[in-house]
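In what follows, a structure is listed as structure tokens, so that the remarks can point back to it.
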Number of protein chains: 2
Amino acid sequence: MEGDSIHKYKRGVINNFVSVDCVIFGFDFNRLNVLLVDRVLIDESTGEEIVNDLTLTGNHIYENEDLDEAAARILFDLTGLEDIYLKQFKAFGSPTRISREKDKIWLKASGRNPEDRIVTVGYYSLLDIDQVTLQWKGRDVRWTPVAEVTDLGFDHVDILNEALKELRKDLIREPIGFELLPEKFTLSHLQRVYEVILGVNLDKRNFRKKVARMKYLRQLDEKQVGVAHKPARLYTFDKDTYEATRRELLDFAI
Amino acid sequence: MEGDSIHKYKRGVINNFVSVDCVIFGFDFNRLNVLLVDRVLIDESTGEEIVNDLTLTGNHIYENEDLDEAAARILFDLTGLEDIYLKQFKAFGSPTRISREKDKIWLKASGRNPEDRIVTVGYYSLLDIDQVTLQWKGRDVRWTPVAEVTDLGFDHVDILNEALKELRKDLIREPIGFELLPEKFTLSHLQRVYEVILGVNLDKRNFRKKVARMKYLRQLDEKQVGVAHKPARLYTFDKDTYEATRRELLDFAI
DNA sequence: GCAAAAGTGTTCGAGCTACACCCATGC
DNA sequence: GCATGGGTGTAGCTCGAACACTTTTGC
């Protein structure tokens with residue numbers, strides 16, 4: 001996997017002034033989760049933990065690499081996945097982004113100058129939670145329910161919150177919910193995606209009537225197997241149908 | 001005005017790696033326009049024009065300045081206006097953003113290294129076209145109909161197109177159309193904003209029924225004066241009512 | 001046979017679409 | 001008095017909201 005990555009993605013001279021941070025969302029049918037990496041720094045002499053918290057996954061860009069490429073590279077390094085839903089949502093450039101002591105200590109220990117001004121570009125990603133390799137540059141990676149995230153390194157709580165806002169907006173307007181599910185999914189699972197992320201309860205019958213109108217959600221001749229209840233029909237997203245039937249200008253709301 | 005600007009906005013050490021570009025939209029009841037600045041370079045010895053085209057307005061950020069501040073500063077320098085609708089819409093970071101010969105010549109003449117990698121953050125702005133001072137750093141500034149823009153310096157055509165896409169999306173979803181109009185406006189003018197930007201024809205009666213439902217568009221006890229037809233009632237946007245009555249989750253569309 | 005989730009129809013009201021004529025003003 | 005845009009209502013249809021019961025499977 002790492003070998004592929006080295007060939008597939010450009011590596012080159014690091015740009016020290018611009019980075020990309022990825023907010024990677026996964027869904028476990030009960031909660032929305034975000035992929036975070038452990039940030040641990042131990043004092044060599046005393047054995048004391050100086051830093052021990054979590055961050056998003058991010059990286060400086062390479063000089064020969066576009067922003068979208070950098071985000072795809074980070075996502076690939078972290079998950080081994082490609083062709084994943086990935087969207088740039090906001091650039092963060094406050095001059096005081098890095099002001100907490102532990103962030104400065106961490107940067108110094110990583111051979112960086114904590115006084116450097118770094119502008120970071122945020123991407124969020126949606127993927128099927130069951131496909132991920134939880135390893136990144138020797139650091140532990142873990143899924144954490146978004147609702148339980150309280151503090152993160154750097155300004156990553158801000159970045160996560162902005163990603164969430166954008167995700168909620170996009171989820172309402174564009175068909176992306178199933179990006180968090182396996183390729184074949186049930187309508188109940190899809191409904192859960194909307195309920196959990198938007199924090200609402202939806203009526204099952206009304207939801208299904210709505211789906212029936214979306215021709216691009218295609219019913220398959222397959223059912224769930226091995227479940228202790230009436231097995232549900234499986235659906236899939238049909239991209240061609242979506243492209244063909246999407247109405248460019250829906251209603252507008254002033 | 002310039003004096004104010006120097007006091008109001010931070011000036012400091014320039015960050016050479018990140019810039020902000022502003023796509024400033026104005027509306028003249030027939031067309032959507034964008035504010036562009038002339039880029040002219042004349043060979044001192046021969047008197048020959050080496051470069052003569054147009055660009056968006058942009059600038060490097062200062063080290064002590066946030067991205068939003070930089071955008072507001074640029075907008076202020078260019079228009080003398082503050083508290084104007086301004087929205088970050090996308091970061092542009094292709095390593096080949098600056099590859100055309102005339103862009104390199106221009107940068108060299110401005111004392112920059114054209115091989116430097118610069119990531120730029122795009123903002124778009126909506127304002128009343130009649131309030132603008134058309135002067136910027138000694139360069140001529142002009143309103144140009146968006147439909148007539150064919151080529152611009154650097155990658156500014158890409159930036160403009162992305163801004164337009166974002167504007168159209170936002171216009172449908174959020175009440176921002178009147179940002180392009182004077183504080184008091186008629187419903188016909190508002191309707192024109194939607195028609196021109198979205199490229200559609202709207203029914204006058206249906207449009208007005210819709211507006212009647214939006215309590216935040218408040219009818220004033222004032223009418224147009226000096227027009228050669230029945231004078232129209234004036235409306236204004238009531239921000240408090242908007243904040244109070246906005247429904248956070250409208251309908252969702254899968 | 002029981003626990004668990006799948007699947008299905010109707011009624012009501014709000015809002016979208018389409019469509020045509022009279023009104024107030026300046027010149 | 002005429003040219004110009006302002007201002008208004010109705011009918012049909014689609015879609016959203018609310019609401020309860022039967023079906024199929026594993027155990």
Interface residues in the stretch B:172-191 - accessible area drops by 20 Å² or more relative to the isolated chain, probe 1.4 Å: B:172, B:173, B:174
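Keeping the other protein chains in place, figure out the carbon and sulfur percent of the accessible area of the stretch B:2-172, with a 1.4 Å probe.
On the way: 3500 of 7530 Å².
Summing carbon and sulfur atoms, their accessible area is 46 percent of the total for the stretch B:2-172.
Within 10 Å, count the other beta carbons around each residue, average over each peptide in A:120-127, B:59-66, A:25-32, B:146-153, and list them highest first. It would help to have the intermediate numbers written out before the result.
Details: A:120-127: 24.9, B:59-66: 19.4, A:25-32: 17.4, B:146-153: 13.6.
Ranked from most to least packed, the peptides come out as A:120-127, B:59-66, A:25-32, B:146-153.
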Dimensions in Å of the stretch A:2-173 - Rg and Dmax from alpha carbons: 15.8, 54
The stretch A:183-245 - Rg and Dmax from Cα coordinates, angstrom: 12.5, 38
For the stretch A:235-244, 3J(HN,Hα) per residue [Karplus equation, 6.51 cos²θ - 1.76 cosθ + 1.60, θ = phi - 60°, Hz, x = Gly/Pro]: 10, 9, 8, 9, 5, 4, 4, 4, 4, 6
Distant-in-sequence amide H partners of residue B:23 (H built 1.01 Å from N, under 5 Å): B:123, B:124, B:125
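Give me the percent relative contact order of the stretch B:183-245, please, defined on Cα pairs under 8 angstrom at least 6 residues apart.
Working: 63 pairs, mean separation 23.7, N = 63.
With pairs under 8 Å counted, the relative contact order is 38 percent.
For chain A, what proportion of DSSP beta bridges, expressed in % and rounded to the nearest 5, is antiparallel? Don't jump to the answer; show the numbers that get you there.
Details: 33 of 41 bridges.
Around 80 percent antiparallel, to the nearest 5.
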Residues losing 30 Å² or more accessible surface upon assembly, the stretch A:86-126, compared with the chain by itself, 1.4 Å: A:88, A:91, A:95, A:117, A:119
Interface size B-A, as summed buried accessible area [1.4 Å probe, Å², nearest 100]: 3600
Under Karplus coefficients 6.51, -1.76 and 1.60, residue-wise ³J(HN,Hα) of the stretch A:18-33 in Hz, glycine/proline x: 10, 10, 10, 10, 10, 9, 9, 9, x, 10, 10, 6, 10, 9, 8, 10
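Applying a 10 Å radius around every beta-carbon, put A:211-221, B:186-196 in order of their mean neighbour count, most first.
On the way: A:211-221: 13.5, B:186-196: 18.2.
Highest-to-lowest ranking by the protection proxy: B:186-196, A:211-221.
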Accessible surface, the stretch B:183-245, averaged per residue in Å² (probe 1.4 Å): 67
Stokes-Einstein diffusion coefficient of the protein assembly as shown, Kirkwood radius over Cα pairs, 25 °C, 0.890 mPa s, in µm²/s: 95
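Mind ordering A:50-58, A:109-117 by average Cβ neighbours within 10 Å, highest first? Don't skip to the answer; put the middle values down first.
Working: A:50-58: 19.0, A:109-117: 12.1.
Output ranking for A:50-58, A:109-117: A:50-58, A:109-117.
In percent, what relative contact order does the stretch B:103-226 have, based on Cα pairs under 8 Å that are 6 or more apart in sequence? Spell out each step's value before the answer.
Working: 53 pairs, mean separation 24.1, N = 124.
About 19 percent, as a whole number.
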Dipole magnitude (debye, nearest 20) for chain A, charges at Cβ of Lys, Arg, Asp, Glu: 1360
Relative contact order [Cα under 8 Å, 6+ residues apart], chain B, whole percent: 21
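Restricting things to alpha carbons, find the Rg to Rh ratio for the stretch A:69-158 using the Kirkwood radius for Rh. Working shown, then result.
Numbers: Rg = 14.5 Å, Rh = 15.0 Å.
Using only Cα positions, Rg/Rh for the stretch A:69-158 is 0.97.
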Chain A: calculated mean residue ellipticity at 222 nm from DSSP helix runs of at least 4, using -39500 (n - 2.57): -9000 deg cm²/dmol
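Peptide A:61-72: average number of partner chain Cβ atoms within 10 Å per residue?
3
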Residues of the stretch A:216-254 buried by at least 50 Å² on assembly (accessible area, 1.4 Å probe, chain alone as reference): A:249, A:252, A:253, A:254
Shielding of A:11-21 by partner chains, average beta-carbon count, 10 Å: 2
For the stretch B:105-254: span of alpha carbons on each principal axis (Å, largest first): 57, 47, 30
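Excluding ligands, DNA and RNA, what is the solvent-accessible area per residue of the stretch B:2-172 at a probe of 1.4 Å, expressed in Å²? Before the final figure, lay out each step's value.
Values: 7530 Å² over 171 residues.
Here the per-residue accessible area is 44 Å².
The values are calculated or read from the model by the stated rules, or taken from the named source; none is laboratory data. What you see is a predicted model, and the numbers here were worked out from it, not measured in a lab. For neighbour counting, all protein chains shown are included, and Cβ atoms are generated from backbone atoms with ideal geometry for every residue, glycine included. In case anyone asks, the SASA skips ligands and DNA or RNA and just uses the protein heavy atoms, side chains included. Shrake-Rupley method; radii C 1.70, N 1.55, O 1.52, S 1.80 Å.
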